[in-house]
Amino acid sequence: MKVVKFGGSSLSTGEQIKKVFDIVISDPERKIVVVSAPGKRYPTDEKITDLLIACGKKYLEFGSATELLNEIINRYILIAQELNLPITFSNKIKSDFIQLFNGNKRNPEMFLEAIKASGEDINAKLIAEYFQLRGIEARYINPNEAGLLVSDEPGNAQVLSESYNRLFHLRSRSGVLIFPGFFGYNENGEVLTFSRSGSDITGSVLANGVKATLYENFTDVDAVYSVNPYIVTRPKEIRELTYREMRELSYAGFSVFHDEALIPAYRAGIPVHVKNTNNPFAPGTRIVNEREQLNGPVVGIASDKGFCSIYVSKYLMNREIGFGRKLLQILESYGISYEHSPSGIDDISIIIRESQLDESIEKRIIDYIMHELGADEVKVEHGLALIMLVGEGMRKNVGTAARASQALAKAEINIEMINQGSSEVSMMFGVKEINERKAVQALYHEFFAGVLVV
Ligand code: ASP
């Protein structure tokens, strides 16, 4: 049995949903279908989820938002019309949305959660209706009834471990099951959403829960590329990746697959196959536990902007027991999470996402570290980009760091920091944001020139 997930661009119009239908029915093993809300139809279009959030906020502020609500309803009605669904169904979509927006707003955060989730929920109902119209036994599955329990963290819900056993019963339900992505329910039966793009998580959790043989993730590109195609034209496609490689790549900016979505499939040993709805016969990319390493050390290069480093130096830091803990505790007291911490004998840099700091927090943290830890110097460097070279092959290849730094040197790019974790799946280079593109291009050229398939 396979779990198949379709992203928003695969469901943005009636035409797209017809492609989804063809893909699902072409393989009887495709039994559980996870759907996103309708996404963009063209680059400047709005995703339904973004419209829902904007509309929900307006309702909270002004008590109504007729224009926006109509825009949302019309998007669905247009799709329903393109699929020749009965007018009664379109009327039902309309009344469901109106009822939802006029619902209980005593807890604004939970109100918004329900609004956000409705994008996928109503889409799943619509798609089930279409499958039935085409003569397929299909049904909409409500995540609460199915047993998808999540933690109480609005916009960042985590799946509770008991969900997996509870979802197993879906295996024995007959027909194609259309399951809305992106949200689950807490123990009180309230809706909570995952982080953005979280339908990938739903698919992975279901694949684990029903012990699927494969989790297929349909999107709008032929494969995961070895580098961002906006930075390098026509980059190499990746045929096979390990879970760990994919996790590293999606952490550092590869948006094809949500970085939290791998764990459930990985734990159950279920391979993930990324495929293109618009080109379903393309081979796509398989994410597996182990792969044969035919290429060189690097499988992909990812990069992400918006980091800064807090540099702390203190003479004899290496001898001071508890220095690192106290430093991280200061950040914890400000609710700041850190990403990396390369260190020297008398200094340490803490890399964090810049969005967590504003001027006043930054100043307070610097003072705090200076006085509490008796540091000699504390400075914050802004505008950093992190570039990750990723590949299991690095463990076996000698000289990857040398090749990378030489390529950067040749391109006249100063490396602000280097970090390699002990797993040796990735190597990280910090450079100034303005150099990000040039650095990625130089590294791509070094590791991929002449490579045919990764
Ligand atoms: N519709 C949600 C979002 O835009 C979730 C998803 O598409 O996976 O974030």
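Just checking, does segment 199-206 include any residue being among the charged types (D, E, K, R) and either away from the ligand (no atom under 16 Å from the Cβ) or open to solvent by 30 Å² or more (accessible area, probe 1.4 Å) (or both)? Even if it seems obvious, please write down each step before you answer.
Restricting attention to segment 199-206, the residues satisfying the condition of being among the charged types (D, E, K, R) are 200.
When the remaining residues are screened for being either away from the ligand (no atom under 16 Å from the Cβ) or open to solvent by 30 Å² or more (accessible area, probe 1.4 Å) (or both), the result is none.
Checking segment 199-206: not a single residue is among the charged types (D, E, K, R) and either away from the ligand (no atom under 16 Å from the Cβ) or open to solvent by 30 Å² or more (accessible area, probe 1.4 Å) (or both).
Tally up the residues in segment 239-252 that are touching a residue at least 60 places away in the same chain (Cβ under 8 Å) and within 18 Å of the chain's Cα centre (by Cα), please.
7
Would you kindly identify the helices (runs of 4 or more DSSP H) lying entirely within segment 107-167 that contain at least 2 residues that are among the aromatic types (Phe, Trp, Tyr) and surrounded by fewer than 16 Cβ atoms within 10 Å (Cβ to Cβ)? Write out each step before concluding.
Numbers: elements: 108-133, 143-146, 162-167.
It comes to none.
Determine whether THR88 is surrounded by fewer than 18 Cβ atoms within 10 Å (Cβ to Cβ) and assigned to a helix (DSSP H, G or I).
Answer is yes for this residue.
Pick out the one residue from TYR311, TYR315, TYR266 that is in a helix (DSSP H, G or I) and open to solvent by 10 Å² or more (accessible area, probe 1.4 Å).
That would be TYR266, the only listed residue that is in a helix (DSSP H, G or I) and open to solvent by 10 Å² or more (accessible area, probe 1.4 Å).
So which residues in segment 353-388 are among the small types (Gly, Ala, Ser) and closer than 18 Å to GLN329 by Cα?
Residues of segment 353-388 that are among the small types (Gly, Ala, Ser), as a first pass: 355, 360, 374-375, 383, 385.
Matches in segment 353-388: GLY374, ALA375.
Can you pull out the residues in segment 276-286 that are touching a residue at least 60 places away in the same chain (Cβ under 8 Å) and under 22 Å from GLY8 (Cβ atoms)?
THR277, ASN278, PRO280, ALA282, GLY284, THR285
So which residues in segment 39-56 are within 12 Å of LYS116 (Cα to Cα) and either in contact with a helix residue (DSSP H, G or I) (Cβ under 7 Å, 6 or more places away or on another chain) or of a type in the set (A, V, I, L, M) (or both), if there are any at all?
Within segment 39-56, LYS47, ILE48, THR49, LEU51, LEU52, ILE53, ALA54, CYS55, GLY56 qualify.
In segment 237-261, how many residues are touching a strand residue (DSSP E or B) at 6+ places or on another chain (Cβ under 7 Å) and either of a type outside the set (Lys, Arg) or open to solvent by less than 50 Å² (accessible area, probe 1.4 Å) (or both)? Explain how you work it out, then say what you get.
Narrowing segment 237-261 to residues touching a strand residue (DSSP E or B) at 6+ places or on another chain (Cβ under 7 Å): 237-243, 245-246, 248-249, 252-254, 256-257.
Then keep just the ones that are either of a type outside the set (Lys, Arg) or open to solvent by less than 50 Å² (accessible area, probe 1.4 Å) (or both); that gives 237-238, 240-243, 245-246, 248-249, 252-254, 256-257.
Number of matching residues: 15.
Quick test of your reading of the structure: SER174 fulfils all but one of (1) assigned to a strand (DSSP E or B); (2) over 16 Å from ILE201 (Cα atoms). Name the failing condition by number.
If we test SER174 against (1) assigned to a strand (DSSP E or B); (2) over 16 Å from ILE201 (Cα atoms), just (1) comes out false.
Please enumerate the residues belonging to segment 33-85 that are farther than 20 Å from PHE218 by Cβ, among the hydroxyl-bearing types (Ser, Thr, Tyr) and surrounded by fewer than 15 Cβ atoms within 10 Å (Cβ to Cβ).
THR44, SER64, THR66
Report, by residue number, each residue of segment 177-191 that is open to solvent by less than 20 Å² (accessible area, probe 1.4 Å) and either in a loop (DSSP other than H, G, I, E, B) or away from the ligand (no atom under 16 Å from the Cβ) (or both).
Applying the first criterion (open to solvent by less than 20 Å² (accessible area, probe 1.4 Å)) to segment 177-191 yields 177-184, 186.
LEU177, GLY181, PHE182, ASN186, listed by residue number.
If I ask for residues that are within 16 Å of the ligand (Cβ to nearest atom), surrounded by fewer than 24 Cβ atoms within 10 Å (Cβ to Cβ) and more than 20 Å from ILE48 (Cα to Cα), which ones from segment 207-232 would you list?
VAL221
Among the residues of segment 41-70, how many are more than 10 Å from the ligand (Cβ to nearest atom) and in a loop (DSSP other than H, G, I, E, B)? Don't jump to the end; show me each part of the working.
Looking only at segment 41-70, we keep the residues that are more than 10 Å from the ligand (Cβ to nearest atom), and these are 41-46, 51, 54-70.
Among the residues that remain, those that are also in a loop (DSSP other than H, G, I, E, B) are: 41-46, 63-65.
Residues flagged as more than 10 Å from the ligand (Cβ to nearest atom) and in a loop (DSSP other than H, G, I, E, B) within segment 41-70 amount to 9.
Output the number of residues of segment 10-31 satisfying the condition of being more than 13 Å from PHE131 (Cα to Cα) and either open to solvent by less than 70 Å² (accessible area, probe 1.4 Å) or part of a helix (DSSP H, G or I) (or both).
Here the count works out to 8.
Would you point out which residue out of SER90, SER36, SER95, SER10 is more than 14 Å from the ligand (Cβ to nearest atom), touching a Phe, Trp or Tyr at 6+ places or on another chain (Cβ under 9 Å) and hydroxyl-bearing (Ser, Thr, Tyr)?
Going through SER90, SER36, SER95, SER10 in turn, the sole match is SER90.
I'd like to check something: does segment 143-155 contain any residue that is away from the ligand (no atom under 16 Å from the Cβ), among the hydrophobic types (A, V, I, L, M, F, W, C) and in contact (Cβ under 8 Å) with a residue 24 or more places away in the chain?
yes
What is the one condition in (1) out of contact with any Asp or Glu (no Cβ under 6 Å at 6 or more places or on another chain); (2) part of a loop (DSSP other than H, G, I, E, B); (3) not aliphatic (A, V, I, L, M) that ARG244 does not satisfy?
Checking ARG244 against (1) out of contact with any Asp or Glu (no Cβ under 6 Å at 6 or more places or on another chain); (2) part of a loop (DSSP other than H, G, I, E, B); (3) not aliphatic (A, V, I, L, M), the one that fails is (2).
For every residue, the table says whether it meets (1) open to solvent by 20 Å² or more (accessible area, probe 1.4 Å); (2) under 22 Å from SER341 (Cβ atoms).
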{"site": "HIS371", "(1), (2)": "yes, yes"}
{"site": "ASP376", "(1), (2)": "yes, yes"}
{"site": "ILE387", "(1), (2)": "no, yes"}
{"site": "ASN397", "(1), (2)": "yes, no"}
{"site": "GLU412", "(1), (2)": "yes, no"}
{"site": "ILE418", "(1), (2)": "yes, yes"}
{"site": "GLY421", "(1), (2)": "yes, yes"}
{"site": "SER426", "(1), (2)": "no, yes"}
{"site": "ILE434", "(1), (2)": "yes, no"}
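The values are calculated or read from the model by the stated rules, or taken from the named source; none is laboratory data. Owing to the predicted nature of the structure, the values given are computational and were not obtained by experimental measurement. When we count neighbours, we look across all protein chains shown, and the Cβ atoms used for this are built from the backbone with ideal geometry, even at glycine. Surface areas here come from the heavy atoms of the whole protein model, side chains and all, with no ligands, DNA or RNA. Shrake-Rupley method; radii C 1.70, N 1.55, O 1.52, S 1.80 Å.
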